[in-house]
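The structure under discussion appears below in the form of structure tokens.
Taken together, the values in this text are just the output of simple stated rules run on the coordinates, not laboratory data. All values derive from a computational prediction rather than experimental measurement. Methodologically, a virtual Cβ is constructed for each residue, glycine included, from the backbone with ideal geometry; neighbour enumeration extends over all protein chains shown.
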Amino acid sequence: MKDEGRRTKDETDAAERVILALDTDTCRVAERFVDLLYPKIKIFKVGIHLFTGYGPGIVDFINKKGAEVFLDLKFFDIPNTVAQAVRQAVRLKVKMLTLHIMGDEEMLKAAKEAAVSEASRLGQKAPLLIGVTVLTSKETTSSDVLTLAKIGIDCGLDGVVCSAREVGLLKKEIKGNFVAVTPGIRPPRSAVNDQKRTATVKEALGAGSDFLVIGRPILEANDPLVALGEILPAG
Ligand code: C5P
């Protein structure tokens, strides 16, 4: 594996865009992955699995380390409840968080207002609100993803989760700046697991994805550092 100094510009750029999904059974294992992979990976995703089991302590751990948190709890509830949850996430100082675009426009607008007002009250940057379109474990059409993404961005979201298959269309059709977060990233010829709309790092970046979410290809590797090194340049 190459060291940081010998990485090419493209590899360094790709590394900055990788988010490790901390889908681990225990908090201790998640912390070990953060210890091992930070600062090569700078953003760690905390999902429903880890958060349900261990709560916000893991978010504090990641922040104290100097890394950033993608809180992927996929909020979907009535507007007031989602707004309250978003305020709590702002207090946890997460970089970005997810909510379902299918949750309806009032919910999305309430979430945005809550993120901006709570961040301003605390004198900090508002987290990026990322809308989930259609899960990458499901087959769908690009036009369904585009329709949902447009609704999300119109309601003030900062970005959307979509597969590499749709990102080009979204970047072309949706005006203004938004970030595209792409899960379902797999090295060439590797197991896709339960994912359906998968892509390699190279394909996703080439299509215009801003952040790439990678879980099992790194978490289940014999040597996660070697796996990360191989995933990035091999694309
Ligand atoms: O292990 P794998 O690389 O498939 O992990 C992908 C991660 O991205 C999981 O944590 C999953 O919850 C998340 N995710 C996804 N599809 C979405 C949104 C998030 O796979 N649409």
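Simple point charges give the picture: +1 on the Cβ of Lys and Arg, -1 on the Cβ of Asp and Glu, and for the stretch 2-231 a dipole about the Cα centre of about 400 debye. Among 222-228, 20-26, the peptide with the highest mean count of other Cβ atoms within 10 Å heads the list, and the full ranking is 20-26, 222-228. Put simply, the amide H of residue 132, placed in the peptide plane, has neighbours under 5 Å in 99, 100, 101, 161, leaving out anything fewer than 5 places away on its chain. Considering only Cα atoms, the convex hull volume of the stretch 2-231 works out to 124 Å³ per residue. Of 125/196; 65/175; 40/150; 74/171; 172/196, which pairs sit farther than 31 Å apart, going by alpha carbon to alpha carbon? Going by Cα-Cα distance, 125/196; 65/175; 40/150 fall outside the 31 Å limit.
Shown in residue order for the stretch 130-143 are the 3J(HN,Hα) couplings computed by the Karplus curve 6.51 cos²θ - 1.76 cosθ + 1.60 at θ = phi - 60°: 10, x, 7, 8, 10, 3, 6, 7, 10, 7, 7, 9, 4, 5 Hz (x for Gly and Pro).
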